[in-house]
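See structure below.
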Amino acid sequence: MSAREQRVAVVTGAASGIGRATALRLADTGYDLAVLDIDADGLARTCAEIEKAGGTARAFPVDLRDPDAVGSVTREVAVTLGTPALLVNVAGTGLAATVLETSDEDWDRVLSVNLTGPFLTTRAMLPLMLDNGGGVVVNVASVAGQVGLARRAAYCASKAGLVGLTRAIAVDHAKDGIRCVAVCPGTVATEWIDKIVANAPDPLAARQAMTARQLDGRLGSPEEIAATIAFVAGPDGRFINGAALIVDGGLTAA
Ligand SMILES: NC(=O)c1ccc[n+]([C@@H]2O[C@H](COP(=O)([O-])OP(=O)(O)OC[C@H]3O[C@@H](n4cnc5c(N)ncnc54)[C@H](O)[C@@H]3O)[C@@H](O)[C@H]2O)c1
């Protein structure tokens, strides 16, 4: 790819898990990467991996809940790398609790990271994409945005909200050359899942239960979700708009 054709992708949550795998995959397909996360050390590791493989990546440590910080990072990305052609909202947080067990603080934390964060990045970056004639936004939601999961009240609400936001952005901006798609993973083997398992009363039983509910008999890999995102964002995905694509090894089929 020549310098004139260079495209810029922004990936949030890129310090770890699905976000890191997505940044690596997109760099491999020829994007210059702006990686955003609250974890500056993790971002530095992701950038080092991309650069070692011959790609270009810049780290932008940011708390995605902060509208002013998201605005400044957007300006920095545009000045340093150029206008984003692709925004992938991956950053997220979880909570194992029913409605009755959810405090005001936890509700706000989950909703602000999982729903307000993608709203803020999209609102900040969409005008740049529109000036550039179009772009793609991919929101990483979850099967929890499609079905109810036990003791995940705030998480399910945030991810269902993100699917709704995705459809609304697609409807409003298809005419402007914007596509917006939600990717809804099932259980994916990341640091997040490792922490849930480690904190369970019986970690071995918890991991076995997660694997047992998979039709494929295994958890997904971050690379499989990254490959789906790259497909959705790329030219072969150009007829996919406003959709919520379930990638869960059959978890929700049963
Ligand atoms: N792992 C799974 O099984 C699974 C399943 C379905 C959906 N998801 C979704 O995929 C996304 C990534 O999950 P993962 O498993 O890779 O988790 P992860 O914990 O490995 O990565 C999440 C990243 O988001 C970042 N982050 C959290 N709050 C932030 C904030 N306020 N500002 C900036 N960055 C912030 C974290 O620092 C972390 O690097 C999440 O949105 C999650 O809901 C994960």
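A few points about this structure:
- Pair list, Cβ under 6 Å, 6 or more apart: segment 32-47 residue within 7 Å of the ligand (Cβ to nearest atom), other residue of a type in the set (Asp, Glu): ILE38/ASP63
- Number of positions in segment 206-244 that are assigned to a helix (DSSP H, G or I) and modelled with pLDDT of 95 or more: 15
- Residue match in segment 126-138 (condition: within 12 Å of the ligand (Cβ to nearest atom), touching a residue at least 60 places away in the same chain (Cβ under 8 Å) and open to solvent by 30 Å² or more (accessible area, probe 1.4 Å)): no
Table: residues versus (1) more than 16 Å from the ligand (Cβ to nearest atom); (2) closer than 27 Å to LEU128 by Cβ; (3) not assigned by TED's automatic domain parsing to the domain that holds THR121.
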site: LYS159; (1), (2), (3): no, yes, no
site: ALA170; (1), (2), (3): yes, yes, no
site: ILE178; (1), (2), (3): yes, yes, no
site: VAL181; (1), (2), (3): no, yes, no
site: ALA205; (1), (2), (3): yes, no, yes
site: VAL232; (1), (2), (3): no, yes, no
site: GLY237; (1), (2), (3): yes, yes, no
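- Enumerated helices (runs of 4 or more DSSP H) restricted to segment 91-201, each holding at least 2 residues that are touching a Cys at 6+ places or on another chain (Cβ under 7 Å): 153-173
- Of the residues making up segment 59-89, those that are within 14 Å of the ligand (Cβ to nearest atom) and in a loop (DSSP other than H, G, I, E, B) are VAL62, ASP63, LEU64, ARG65, ASP66.
- Selection from segment 1-29 of residues that are open to solvent by 20 Å² or more (accessible area, probe 1.4 Å) and either modelled with pLDDT under 95 or not hydrophobic (A, V, I, L, M, F, W, C) (or both): MET1, SER2, ALA3, ARG4, GLU5, GLN6, ARG7, SER16, ARG20, ARG25, ASP28, THR29
- Condition check for GLY92: under 19 Å from the mean Cα position of the chain (by Cα), small (Gly, Ala, Ser), crowded, with 16+ Cβ neighbours inside 10 Å and closer than 23 Å to LEU165 by Cα: yes
The values are calculated or read from the model by the stated rules, or taken from the named source; none is laboratory data. What you are looking at is a predicted structure, and each value in this text was computed from that prediction instead of being measured. Cβ coordinates were reconstructed from backbone atoms using ideal geometry, including for glycine residues, and neighbour counts include every protein chain displayed. Each accessible area value is taken on the protein alone, full model and side chains, heavy atoms only, with ligands, DNA and RNA left out. Shrake-Rupley method; radii C 1.70, N 1.55, O 1.52, S 1.80 Å.
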